[in-house]
Amino acid sequence: MELTVIGYWGAYPAKNEATSGYLLRHADSAVLLDCGSGVLSRLQNEINLEQLDAVFITHTHADHFADVYALEFSALVLTQLGKRTRPLDVYIYGENLASLNFAYPDYAHVHPIEPARTVNVGELMFSFSETVHEVPCCAIKATTREGANLIYSGDTGYCSSFIEFAENADLLVLECSLYDVQKGVLDGHLTAGEAGEIARLANAGYLILTHFPHYGDQRQLAMEAARNYSGPIELAYSGLKWSF
């Protein structure tokens, strides 16, 4: 299983960058976790869009969702060109999915994410857990047949249910929107210290911090997380790859 960071900014993309988007590849499957602003363009540095099997959207805030409609149009056009031979599966966690502006159901099959149910894409099994955020949001776990797993938090505040969901993660991709001095300022997001504490309590093997603020020194985020977690920590950047 290989993870490639496509976008890692919170709120809006920095110049020539993207907000939340993570490409997961295993065997013959290619799956996108979140599809925020700028993701669709940068994704094409890694794969052709017709190779994408599915996309999972943790919640419908724009920095995780903005490029989904353009992705739907790509499914339409690439099918018309004969490059894509199957519909794109789009899985979304949220309320009233019928109100979303998808226009081509024959080319993008939209499914609700239900935490009680798993989804299989190729040899990967995906499971879900609701997180603490201002709109419905879920974390995602991808597990191989051999039992290796990756957990991606989406957006979340500190919650014990997520720690349990992330237990013994081989790779934990965890949002880190705030510096420790900002603890309590913004609900539904983690400070760096909280991210480190979650990684320690979950016994994560490796921690990638992501969903960064547009101010301060990102190296400080890693230092603050390291106060609570002694395992390896890496700051997300465009093109970062992690495989196992």
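Where the only charges are on Cβ atoms (+1 Lys, Arg; -1 Asp, Glu), what is the dipole of the chain about its Cα centre, to the nearest 20 debye?
On the way: 14 positive and 30 negative charges, 89 e Å.
Dipole of the chain, to the nearest 20 debye: 420 debye.
Please work out the average accessible area per residue across the stretch 180-244, using the 1.4 Å probe convention, and give it in Å². Before the final figure, lay out the partial values.
Numbers: 3160 Å² over 65 residues.
Result: 49 Å² of accessible area for each residue.
Can you quote the Å³ per residue value for the convex hull of the Cα atoms in the stretch 140-244, rounded to an integer?
Working: hull volume 9.9 nm³, N = 105.
Value for the stretch 140-244: 94 Å³ per residue.
Volume per residue, Å³, of the convex hull around the alpha-carbon atoms of the stretch 25-143? Kindly include the intermediate steps, with their values, before the conclusion.
On the way: hull volume 12.0 nm³, N = 119.
Convex hull volume per residue, Cα atoms: 101 Å³.
Calculate, for the stretch 1-141, the solvent-accessible area per residue in square angstrom, rolling a 1.4 angstrom probe over the heavy atoms of the protein chains. Working shown, then result.
Numbers: 6080 Å² over 141 residues.
For the stretch 1-141, the per-residue accessible area is 43 Å².
Please report the antiparallel percentage of the DSSP beta bridges confined to the chain, to the nearest 5.
Details: 26 of 51 bridges.
Of the beta bridges lying entirely in the chain, close to 50 percent run antiparallel.
Kindly list the residues of the stretch 144-173 that lie in the label zone of M125, defined by a backbone N under 18 Å from the point 7 Å along the Cα-to-C-beta vector.
Zone members listed by number: 144-152, 165-171.
Report P(r) for the chain: all Cα-Cα distances, bin width 5 Å, range 0 to the bin holding the largest distance, values in whole percent.
Reading the bins upward from 0: 1, 7, 15, 19, 21, 17, 10, 5, 2, 1, 0.
Please report the carbon-and-sulfur percent of the accessible area for the chain; probe 1.4 Å, protein heavy atoms only, DNA, RNA and ligands left out.
On the way: 4930 of 10440 Å².
Carbon and sulfur: 47 percent of the exposed surface of the chain.
Note down the relative contact order for the chain as a percent, whole number, built from C-alpha pairs under 8 angstrom at least six residues apart. Please report the intermediate quantities before stating the final value.
Working: 595 pairs, mean separation 41.6, N = 244.
Relative contact order here is 17 percent.
The values are calculated or read from the model by the stated rules, or taken from the named source; none is laboratory data. No experiment lies behind these values; they were computed from the predicted model shown. Every residue, glycine among them, receives a Cβ derived from its backbone with ideal geometry; neighbour counts consider all protein chains shown. Just the protein is used for accessible areas: all its heavy atoms, side chains included, with ligands, DNA and RNA removed. Shrake-Rupley method; radii C 1.70, N 1.55, O 1.52, S 1.80 Å.
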